[in-house]
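The values are calculated or read from the model by the stated rules, or taken from the named source; none is laboratory data. These figures come from a predicted structure and were not determined experimentally. Note that we place each Cβ from the backbone using ideal geometry, even for glycine, and neighbour counts take in every protein chain shown. What goes into the accessible areas is simple: the full protein's heavy atoms, side chains included, and nothing from ligands, DNA or RNA. Shrake-Rupley method; radii C 1.70, N 1.55, O 1.52, S 1.80 Å.
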Amino acid sequence: MSGLLKDSYNRQIRDLRVSLTDRCNFRCFYCLPHGEPPVAPKEQMLSYEEIEYVSEIFVSLGIEKIRLTGGEPMMRRDIETVIRKLSALKPRLHDLALTTNGYFLPDRAEELKEAGLDRITISLDSLKRDVFKRMTGIDVLDRVLEGIEAAKRAGLKPIKINAVIVRGHNECEVADFARFAREHDVWMRFIEFMPLDSGHEWSREMVVSGREIRERIEERFSLVPLKVPRGSETSSRYRFADNAPGEIGIIAPVTEPFCGACSRIRLTADGQIRTCLFSTVEHSLRDVVRSGATRAEVVEFIESVVEKKEPRHYINDPEFRQPARTMSFIGG
Ligand code: SAM
Ligand code: SF4
């Protein structure tokens, strides 16, 4: 066993995203507008035991952070079980996090915390009921806001809020979100719209750049860049100049790519390793594990896949093509 996972560009891989399901109860227009059928039949999905087995190997290879995602990860039955299993990998695993649309949180935030979850990211694209409904396909803004409060009460700190900013939908709310961060002491993460929607409607005109997002915030609140090592961090982070609570982060993969510092790989719900969100090839860890490979063979496979990690994404190249799998099927 060779120790740390490094790709052929000398980037150390520290961060694993594990998709628990490709199903979702929302229909966000920038992700899964038409609710395509799940790609993974049940028998092809990794079981919780398999996720635990490969996660332990990833951690032994230097993965420090695991984020559970999907689809909507809380739609998979009894996710507290897998959280408990992965939590046992601490302290070698530094950070166990979850990204969710927040729908199930009002009743279950406490259980997640008790199972060992460290941190949570909740998606929230609008503070206006009609816009929220238009963007997510479901009329549940109040329930998600309740979910955020429940996560806070459960002690899942810091709470991050993801908002995908899309021209013509919610760009006018950017400063309102900044106020929300201050008032609720949460970390806002503004994300540029990426070409990963299953409706294939992404266009450059719909992208609100990170720069514009920052300008919109600064019309109302002054920001100070945070002096934190960027490391595997994908966002440019800011505090409020008046020291109000909360934090702002801007994630601009389209207009300010950060591929050179990428430390991520992904595992889909059906056990495929993806070395980039925009990969056009996948590597079946599931087949290797189910073939009865020894631990050393699994390690060798993971190392050989990481070696193939792409140098960068090609969104801005004229010949760019969307990957066949879109966001909810990859695990965002
Ligand atoms: N269902 C969960 C949720 O919505 O938080 C977890 C999975 S979702 C794919 C993870 C994150 O990806 C969400 O914050 C979502 O807003 C973001 N996302 C989805 N499609 C996107 C796109 N086309 N561009 C940028 N972000 C996107
Ligand atoms: Fe579902 Fe999350 Fe995609 Fe929205 S962003 S459709 S909640 S997976």
(message) Can I get the semi-axes of segment 159-224's equivalent ellipsoid? Compute them from the C-alpha gyration tensor as square roots of 5 times the eigenvalues, in angstrom, largest first.
(response) 23, 13, 9
(message) Can you tell me which lysines have their Cα less than 26 Å from the Cα of Lys90? Leave out same-chain residues fewer than eight positions away.
(response) Lys6, Lys65, Lys113, Lys152, Lys157, Lys160
(request) Mind giving me the nanometre distance, one decimal, between the label points for Arg143 and Leu226, set 7 Å out from Cα along Cα→Cβ? (result) 3.1
(request) Can you work out the accessible area per residue across segment 59-148, with the rest of the protein chains kept in place, probe 1.4 Å, in square angstrom? (result) 38
(message) Exposed loop sites here are trypsin sites (Lys or Arg not before Pro) in DSSP loop states with at most 12 other C-beta atoms within 10 Å. What is the longest stretch of the chain lacking them?
(response) 93-219
(message) Given points 7 Å out from each Cα along the Cα-Cβ axis, report the Thr81 to Arg239 separation in nanometres with one decimal.
(response) 4.4
(request) Return, in residue-number order, each cysteine of the chain whose C-beta is not under 4.7 Å from any other cysteine's C-beta. (result) Cys24, Cys172, Cys259, Cys262, Cys276
(request) Could you size up the charge dipole of segment 15-330 around its Cα centre, putting +1 on the beta carbon of Lys and Arg and -1 on that of Asp and Glu, and report it in debye to the nearest 20? (result) 380
(request) Per DSSP H run of at least 4 residues, take -39500 (n - 2.57); add these up for the chain, divide by its residues and hand me the 222 nm value, nearest 500 deg cm²/dmol. (result) -8500 deg cm²/dmol
(message) Full-extension gain between Ala88 and Lys133, please, as 0.36 nm times their residue separation minus the C-alpha to C-alpha distance.
(response) 12.4 nm
(request) Would you mind finding the longest exposed-site-free stretch of the chain, with exposed chymotrypsin sites (Phe, Trp or Tyr not before Pro) meaning DSSP loop and at most 14 other Cβ atoms within 10 Å? (result) 10-319
(request) Would you pull out the residues with amide H under 5 Å of Val166's amide H, same chain only if 5 or more places away, H placed 1.01 Å from N? (result) Glu171
(request) Please turn the phi angles of segment 93-109 into ³J(HN,Hα) values with the Karplus equation 6.51 cos²θ - 1.76 cosθ + 1.60 (θ = phi - 60°), one per residue in order, whole Hz, x for glycine and proline. (result) 7, 7, 8, 10, 10, 9, 10, 9, 7, x, 4, 8, 6, x, 9, 10, 4
(request) Apply the Karplus parameterisation 6.51 cos²θ - 1.76 cosθ + 1.60, with θ equal to phi minus 60°, to every residue of segment 130-137 and state each ³J(HN,Hα) to the nearest whole Hz, in sequence, with x for glycine and proline. (result) 5, 5, 4, 5, 5, 7, 9, x
(request) Take the solvent-accessible surface of the protein heavy atoms, probe 1.4 Å, and return the percent of it on the chain that carbon and sulfur atoms account for. (result) 50
(request) Can you check how the C-alpha radius of gyration of the chain compares to 2.2 N^0.38 Å, as a plain ratio? (result) 0.95
(request) Could you please put Glu310, Glu52, Glu146 in sequence from largest to smallest accessible area, using a 1.4 Å probe? (result) Glu146, Glu52, Glu310
(message) Probe of 1.4 angstrom, ligands and nucleic acids ignored: what's the accessible area per residue over segment 190-332, in square angstrom?
(response) 45
(request) Compute the length gained on full extension between Arg290 and Leu4: take 0.36 nm times their separation in residues and subtract their Cα-Cα distance, giving the result in nm to one decimal. (result) 100.5 nm
(message) Taking loop as defined by DSSP and a crowding limit of 16 other beta carbons within 10 Å, which GluC sites (Glu not before Pro) in segment 215-279 fit?
(response) Glu219, Glu233
(message) Given R₀ = 51 Å, what would the calculated FRET efficiency be for Arg321 paired with Arg153, taking r from the Cβ atoms and rounding to 0.05?
(response) 0.70
(request) Please give, to one decimal in nm, the separation of the simple spin-label points placed at Glu43 and Asp107, each 7 Å out from Cα toward the Cβ. (result) 3.2
